[in-house]
Amino acid sequence: MASLLVTGSIGIDCVQTPHGQVEDALGGSAVYFALAASAQGPVRLVGVAGEDFPERFTAMLSDRPIDLAGLERRKGSKTFRWRGQYAGAMNEATTLATDLNVLAEKGPTIPAGFRDSRYVFLANTHPTLQRELLSQLAGPELVVCDTMNLWIRTEREELLLTLGMVDGVVLNDAEARMLTGIDNLVGAGQKILTYGPEFVVIKKGEHGVMLVGREGIFVLPAMPMYDVVDPTGAGDSFAGGMMGYLAGQNRVDTMALRTAMAWGTVTASFTIQDFSVGRLLNLGRAAIMARLAEYRDMLRFEE
Ligand code: AMP
């Protein structure tokens, strides 16, 4: 297993879905990623929380093979907070409030012991912070980033600079359209390749994922689920499952990437079965593999 590092938001979320709501739950892009990837192996987490970040949240993370040497709990600062709502088919979150708090301050420092990380995921956070983080690493093998509508709207130039420095990008369909101004997703994916990345993974919620790369296109459906309770973190969990697989194999070729997308899809299907990070806290490799077998069976057909 090659080393895997994630940086992004560490958050406190309040989420409402047609199935209920949670207040002050553990969240954040890097948190979902780390918990999801930790089902496959060790993960290094880098991010900043505030003084108000509950001790029990730290314990939830340290119970898993997540190295918290890069988690700073900054005195005098407040943790990033997000309040969101899902309705109907719950394909997209409506953001009701974002308090950047510590995310608007100086970014985290990568501990010396993490600088050699081989596989790196720049989870959703301010694109300038994403680049600052990247500049502290000593030549990683694979760098993939995520982003969101807020940054596309408010920090477009910074985001384009970040996209120019990564190997891959993972974003959802609405974000791909917003970033490129192209409604057709194949066209949007190809346009994003011109910004620098070698591949783009476009997430389409319940409709699955599409990989647009220099060698062509690959698509996978989502795992059909009856019990979708809270889709928060599905995207980050997808990325965690995907990068966890690539780091585990220490491969970045196209077939590895396709298989990694299946691992990501199945990993995310667990996240959405419970509120917040509930289902990820005890998710193991065996459970993912069992559901992968069902998923593979569902995709099988004759010549
Ligand atoms: P997703 O996988 O897209 O559902 O990510 C959900 C997580 O993203 C939540 O736990 C939020 O705390 C986090 N999040 C929401 N808005 C932002 C933002 N502007 N920057 C960083 N993280 C965010």
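Numbers at a glance
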{"read-out": "Qualifying residue in the stretch 163-172 (condition: within 30 Å of Arg285 (Cα to Cα), touching a Phe, Trp or Tyr at 6+ places or on another chain (Cβ under 9 Å) and within 11 Å of the ligand (Cβ to nearest atom))", "value": "yes"}
{"read-out": "Unmet requirement for Leu96, which otherwise passes all of (1) within 14 Å of the ligand (Cβ to nearest atom); (2) at pLDDT 95 or above; (3) surrounded by 15 or more Cβ atoms within 10 Å (Cβ to Cβ)", "value": "(3)"}
{"read-out": "Odd one out for Asn101, checked against (1) of a type in the set (S, T, N, Q); (2) away from the ligand (no atom under 12 Å from the Cβ); (3) at pLDDT 95 or above", "value": "(2)"}
{"read-out": "Some residue of the stretch 148-155 being in contact (Cβ under 8 Å) with a residue 40 or more places away in the chain, open to solvent by 10 Å² or more (accessible area, probe 1.4 Å), within 16 Å of the ligand (Cβ to nearest atom) and closer than 24 Å to Gly241 by Cα", "value": "no"}
{"read-out": "Test: residue in the stretch 140-153 that is among the acidic types (Asp, Glu) and modelled with pLDDT under 95", "value": "no"}
{"read-out": "First in the stretch 171-197 and under 13 Å from Val212 (Cα atoms) and of a type in the set (Lys, Arg), second anywhere and at pLDDT 95 or above and open to solvent by 40 Å² or more (accessible area, probe 1.4 Å), Cβ under 7 Å, 6 or more apart", "value": "Lys191/Ile182"}
{"read-out": "Conditions (1) open to solvent by 40 Å² or more (accessible area, probe 1.4 Å); (2) part of a strand (DSSP E or B); (3) within 16 Å of the ligand (Cβ to nearest atom); number of the one not met by Ala89", "value": "(2)"}
{"read-out": "Scan of the stretch 142-186 for residues that are basic (Lys, Arg) and touching a strand residue (DSSP E or B) at 6+ places or on another chain (Cβ under 7 Å), ordered by number", "value": "none"}
{"read-out": "Qualifying strands (runs of 3 or more DSSP E) (wholly inside the stretch 1-72; at least 1 residues being small (Gly, Ala, Ser), open to solvent by 10 Å² or more (accessible area, probe 1.4 Å) and more than 16 Å from the ligand (Cβ to nearest atom))", "value": "20-27"}
{"read-out": "Boolean, Glu158 is surrounded by fewer than 24 Cβ atoms within 10 Å (Cβ to Cβ), more than 11 Å from the ligand (Cβ to nearest atom) and free of Cβ contacts under 8 Å to residues at least 40 places away in the same chain", "value": "yes"}
{"read-out": "Hits in the stretch 161-171 - residues which are touching a Lys or Arg at 6+ places or on another chain (Cβ under 8 Å) and crowded, with 23+ Cβ neighbours inside 10 Å", "value": "Thr162, Val170, Leu171"}
{"read-out": "Condition met for Arg81 (charged (D, E, K, R), farther than 19 Å from Lys203 by Cβ and within 16 Å of the ligand (Cβ to nearest atom))", "value": "yes"}
{"read-out": "Tabulated pairs, the stretch 81-105, first farther than 18 Å from Ile10 by Cα and free of Cβ contacts under 8 Å to residues at least 24 places away in the same chain, second near the ligand (Cβ under 9 Å from one of its atoms) and open to solvent by less than 70 Å² (accessible area, probe 1.4 Å), C-beta under 6 angstrom, 6+ apart or interchain", "value": "none"}
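Okay, residues lined up against (1) closer than 29 Å to Gly20 by Cβ; (2) of a type outside the set (D, E, K, R); (3) more than 16 Å from the ligand (Cβ to nearest atom):
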site	(1), (2), (3)
Ala174	yes, yes, no
Asp183	no, no, yes
Gly208	yes, yes, no
Leu220	no, yes, yes
Pro224	yes, yes, yes
Ala234	yes, yes, no
Ala260	no, yes, yes
Thr265	yes, yes, no
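The values are calculated or read from the model by the stated rules, or taken from the named source; none is laboratory data. Note that this is a predicted model, so its numbers are computed, not measured. Don't worry about glycine lacking a Cβ; one is built from the backbone with ideal geometry, like all the others, and counts go over all protein chains shown. Keep in mind that these areas ignore ligands, DNA and RNA; they rest on the heavy atoms of the full protein, side chains included. Shrake-Rupley method; radii C 1.70, N 1.55, O 1.52, S 1.80 Å.
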